[in-house]
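Below is one structure; the comments refer to it alone.
Values in this text are rule-based calculations from the coordinates and carry no lab data. Note that the structure is a prediction, hence the values are computed from the model and not measured. A quick note on method: Cβ atoms are made from the backbone with ideal geometry, for glycine too, and the neighbour counts reach across all protein chains shown.
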Amino acid sequence: MKKITLIYSGGSDSYTLLNYALSKDFNVDCLTFTYGQKHNKEIDFASSACKELNVKHSIIDIGDNSEIVFGNSSLTSVESKIPHGSYKEETMQSTIVPNRNMIFISYATAYSISNNIQEVWYGAHAGDHFIYPDCRPEFLNAMNVAAGLCDSAKIKIEAPFISYTKGEIIKIGLDLNLDYSKAWTCYEGKQNPCGKCGSCVERAEAFSDNNAIDPLI
């Protein structure tokens, strides 16, 4: 049975990716990172889902580094408000968390090497490409080169949904009969999804594309 390390935020993309991997009979270890994100509610969702699915889950706290690499993003800075509206709007640039995926992948690669795991998966998708450089195929290719050089163990970095739209990812989950009330997406991290931030808007559009209703709305 193939074993993978999956970077698991607790959001709809990584929730779908986790269940997709399990449907293929992969053995999965999940890593969730806490880095000072305002929407830390996603961590609780990640923990609950992994517990229910009986998946090994580790929460890695890198929040002490937030002032160095994460402080200027609206997802982490107390001085910046979460922008509302579509990802197509220029304001969504403020949600970029500098170098986040490279840092996550570095931790996940080290974890994989230490635990004799050959692959690291993360949930980048096509809808992220034009805003987030670390979700693009070029970045994925570069990470594979680096992972092949950093250690004698050859770790492969995979983003199975990198060419998929959000709607196509949700379709995969719906075909797997997933319960999306178990995945948190909103950047606000309050009692209920705000329905206005880019993440909420994109999720709503994905469900609409599939003529489905988001159970969290």
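Return the FRET efficiency for the residue pair residue 34, residue 142: r is the Cβ-Cβ distance, R0 is 25 Å, and the value is rounded to the nearest 0.05. Don't skip to the answer; put the middle values down first.
On the way: r = 26 Å, r/R0 = 1.03.
The pair residue 34/residue 142 has a calculated efficiency of 0.45.
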Starting from segment 126-204, pick out the chymotrypsin sites (Phe, Trp or Tyr not before Pro) whose DSSP state is loop and whose Cβ has at most 15 other Cβ atoms within 10 Å. 130
Can you list residues whose amide H is under 5 Å from residue 197's amide H, if they're 5+ apart or on another chain and H is modeled 1.01 Å from N? 85
Gain in span if fully extended, residue 181 to residue 99, counting 0.36 nm per residue against the direct Cα distance: 26.6 nm
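Hey, fewest Cβ within 10 Å first, where do 216, 31 land in order?
216, 31
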With each label point set 7 Å from Cα along the Cα-Cβ vector, what nm distance links residue 165 and residue 153? 3.9 nm
Working out 0.36 nm times the residue gap between residue 25 and residue 106, then minus their Cα-Cα distance, what length gain in nm do you get to one decimal? 26.6 nm
Amide H contacts under 5 Å for residue 60, placed H, 5+ residues apart: 32, 33, 34
Segment 1-55: trypsin sites (Lys or Arg not before Pro) in DSSP loop, at most 13 other beta carbons within 10 Å: 2, 24
From the cross-link list 41/156; 51/154; 41/171; 41/196; 154/182, the entries with a Cα-Cα span beyond 22 Å are 41/156; 51/154; 41/171; 154/182
Chain lengthening between residue 60 and residue 209 when straightened (0.36 nm per residue, less Cα-Cα): 50.2 nm
